[in-house]
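Visitor: Just dropping this structure here.
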Amino acid sequence: MNQASLHSLHTSKHPTTKDSDLNALFELRFATNLTMIKDLFFSLYPEENNSASFEKLLKTLPALFKSRPNSLKTQDIDRICEGDWYKSAQLTGMQLYVDHFSDDLTGLEKKIAYFEKLGVNFLHLMPITPRPKDENDGGYAVNNYHEIDPRYGTKDDFLKLTHKLRDKNILLMVDFVANHTSNEFSWAKKAKEGNVKYQSYYYTFEDRQLPNAFEQTLPEIFPMTSPGNFTYDQEMEKWVMTVFNRYQWDLNYSNPEVFIEMLGNLLRLVNLGVDVVRLDALAFMWKKLGTQSQNLPEAHALISLFRLCLQAIAPGVVFLAEAIVAPNEIIKYFGLGTMKGNECEIAYNATLMALLWDAIATQKTTLLYKNLYNLPKKPLEATWINYIRCHDDIGLGFEDRYIDEIGWDVKQHRKFLLDYYAGNIEWSPSKGEIFMYNPKNGDGRITGSSASLLGLEKALELKNKIKIKEAISKIIMMHGIIFSYGGIPLIYAGDEIGTVNDYSYLSDLNKKEDSRWINRPKQDWNVVAKLDAEISHHSEIFFALQGLIRVRKKNPVLADNNNLVLYNSQNPHVLIYERTSEKEEGILIVCNFNQSPQTIRKIELGAYSEKNKSKNIVIGKSMKFDLETIELKPYELLWLKKA
Ligand code: GLC
């Protein structure tokens, strides 16, 4: 039982929402988490030197609770009582850049009807906080954690929006860029002026001795555009750790003051009406000489510390781990041992995402199955964000040993995937780019919009109707998987209408080095305006996705209760899994990853073909199984329910 479940045990006994009750419940949560908070705190900051900081933290928590608006405090209580609300099959998400989608926050409010039409009720807004004027990594260089960048509007606009979203039952996720600030953040400015206190908020060094030692083991995140992990700041006359870009200064969490201040920043942000916090780059939050400084046990302790403190103050807010790391590392962000279920409630299912792209390129599900069978189990309280792609590049973060074990050459296979998606292979339907190719080791990642990577852009250029149909089927099938897999599906804005790559970034000086901008297109409202009136590839994709979302919402079995069973298909091009439940009918998902029709034996569908009939709820049609085999069309998606 995790701490959140403990809180729900005592909360249900206090149904009123009077001030005094809310305070009493806070005290109770605080007391319940206190020993864990203390142990975590002193594990990171040894008691001998840090008891004063601990006392400061203990004084800070009630003050932070006091600052939380009452409407959110009562919502917190509702959520505690409801428990695991983020696992519901009712949720479907969309990720977007406000400026690319609706210009600003007021514009976004006007688009609520569009979300409702599609069935989206969970939004991930990319950073809207102030950032440096020139390069700013799409806002991931933060000048302030709880103000709004004027390009998007004002704080009032944001508050108006969050109220409206709450009225409409739409959840909001924003980033908390916890690992680094921009070089224009108030602390960085003071550090540059020579303020020693604020220099200690970052990793600053007089000379290259320690940076050199760190760099023995630190990998490079952006080797082409931002090589190395340290930047010399002329004004400060010191080196500062900058693991991402030179203008993103890594925060020094080995200083407890940084943790306490960042907790305050986090609360000020969620108090604006945020439901889910995307903890950006959280794997990097603790640095240790002689290590890669990623996924360290101390980083996990730190995140749990944030979790347990925030849980006392704002228990209705949950964390998404942005840990795009190896499968056995991702799972650890749900918490291990005594911290199981006490770290992040949600994580990106980056493993599934990358493997789906592998299956598309190879037209085989072999590596996908191999990995899925070997994935560690997540805690019951935890869930995934299932996505095809996000605003970032697609990393091929699955393990080499499984590629090897199925008899494929690891290097060749990885090279093939990059070539396939960059369109370097003549027959490849894909039009993407290779991101951060490292000639030293052949590593690279992929950028491109879903539609372009899945062949739509090229097919449209060639005016090839068969290829267009094929690409549409692939787009629908890939979404059909993330909608049914268990977790919150997250659509990247524009993918629902088959938006292709945006090449305009090449003419922007501040973006042209970063090909991730190719997959962050502007929303095409002219296309949207014609969806109902004209049949096109856009409308075909939109209405197919809308239909799938509707079906998803009607079937609570698709909520995530660790109720997914893989079926071992004999056909290497096919993926089959069941979403099971003791209470209701299950759903069997069947997908053909091949461009040719594929045959499977009806017994592979288990009980779903036993009575010789089932219903494909994707299109609401009955299926008959009179023959021993069934044929799947190219890239066909079935969601079967026993009829
Ligand atoms: C995360 C973001 C990415 C950003 C990086 C640094 O990985 O998704 O866009 O570049 O963090 O903040």
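None of the figures in this text is laboratory data; all of them are computed from the coordinates on show. Please read all numbers here as calculations on a predicted model, not as lab measurements. So basically every Cβ, Gly included, is an ideal-geometry build from the backbone, and we count neighbours across all protein chains shown.
Visitor: Relative contact order for the chain using alpha-carbon pairs under 8 Å, separation at least 6, rounded to a whole percent? Working shown, then result.
Guide: On the way: 1235 pairs, mean separation 80.0, N = 643.
Relative contact order for the chain comes out at 12 percent.
Visitor: Separate question: Determine ³J(HN,Hα), in whole Hz, for all residues of segment 198-214 in sequence, where each value follows from phi through the Karplus function 6.51 cos²θ - 1.76 cosθ + 1.60 and θ = phi - 60°; x replaces Gly and Pro.
Guide: 3J(HN,Hα) across segment 198-214, in whole Hz: 6, 4, 7, 7, 10, 8, 10, 9, 5, 9, 8, 4, 6, x, 4, 5, 4.
Visitor: Please list 318-328, 351-361, 578-588 highest first by mean number of surrounding beta-carbon atoms within 10 Å per residue.
Guide: On the way: 318-328: 22.0, 351-361: 23.5, 578-588: 16.7.
The densest-packed peptide leads the list: 351-361, 318-328, 578-588.
Visitor: Now for a different question. Given 467/530; 469/633; 18/66; 377/583; 340/378; 87/377, which pairs have Cα atoms separated by over 18 Å?
Guide: Values: 467/530 23 Å; 469/633 12 Å; 18/66 14 Å; 377/583 22 Å; 340/378 9 Å; 87/377 16 Å.
Among 467/530; 469/633; 18/66; 377/583; 340/378; 87/377, the Cα-Cα distance tops 18 Å for 467/530; 377/583.
Visitor: Related question: Using only Cα atoms, locate the centre of segment 468-516 and the centre of segment 601-637, then give the distance between them in Å, rounded to an integer.
Guide: Taking the Cα centre of each part, segment 468-516 and segment 601-637 sit 29 Å apart.
Visitor: Report, ordered by chain and residue number, the lysines lying within cross-link reach of residue 189, taken as a straight Cα distance under 18 Å and ignoring same-chain residues fewer than 8 apart.
Guide: 133, 197, 238
Visitor: Amide H to amide H, which residues 5 or more places from residue 437 or on other chains are under 5 Å from it, using H placed in the peptide plane?
Guide: 445
Visitor: Mind ordering 514-525, 55-66, 282-293, 300-311 by average Cβ neighbours within 10 Å, highest first? Before the final figure, lay out the partial values.
Guide: On the way: 514-525: 21.1, 55-66: 15.2, 282-293: 19.2, 300-311: 23.8.
The packing order, highest mean first, is 300-311, 514-525, 282-293, 55-66.
Visitor: Another question, if that's okay. Taking only complete DSSP H runs, can you tell me which helices of the chain stretch 15 Å or more along their own long axis by Cα positions and average at least 0.0 on the Kyte-Doolittle scale?
Guide: On the way: long enough: 19-44 (35 Å, 0.45); 47-66 (30 Å, -0.44); 70-82 (18 Å, -0.93); 155-167 (18 Å, -1.26); 256-270 (21 Å, 1.05); 297-313 (24 Å, 1.05); 350-362 (18 Å, 1.48); 410-421 (17 Å, -0.88); 465-484 (28 Å, 0.78); 537-554 (26 Å, -0.18).
Span-like helices, by this rule, are 19-44, 256-270, 297-313, 350-362, 465-484.
Visitor: Long-range amide H contacts for residue 636: which residues qualify at under 5 Å (H placed 1.01 Å from N, peptide plane, sequence gap of 5 or more or a different chain)?
Guide: 592
Visitor: Taking residue 370 as the anchor, which aspartates and glutamates have their alpha carbon closer than 14 Å to its alpha carbon, excluding any fewer than eight residues away along the same chain?
Guide: Here the aspartates and glutamates satisfying the reach criterion relative to residue 370 are 358, 399, 400, 404, 405.
Visitor: Past the 22 Å Cα-Cα mark, which pairs from 553/615; 474/642; 160/522?
Guide: Table pairs above 22 Å Cα-Cα are 474/642; 160/522.
Visitor: Check which residues have an amide H placed less than 5 Å from residue 175's amide H, if you skip close sequence neighbours.
Guide: Here 278 satisfy the definition.
Visitor: Right, here's the next one. Compute, for the chain, the length of the dipole vector about the Cα centre, with Cβ point charges of +1 (Lys, Arg) and -1 (Asp, Glu) only. Units Debye, rounded to 20. Mind dumping the intermediate values first?
Guide: On the way: 76 positive and 81 negative charges, 360 e Å.
That gives the chain a dipole magnitude of about 1720 debye.
Visitor: How large is log10 of I(q)/I(0) for the chain at q = 0.07, 0.11 Å⁻¹ when the intensity is taken from the Debye formula with one equal scatterer per alpha-carbon?
Guide: Treating every Cα as an identical point scatterer, log10 I(q)/I(0) equals -0.44, -1.14.
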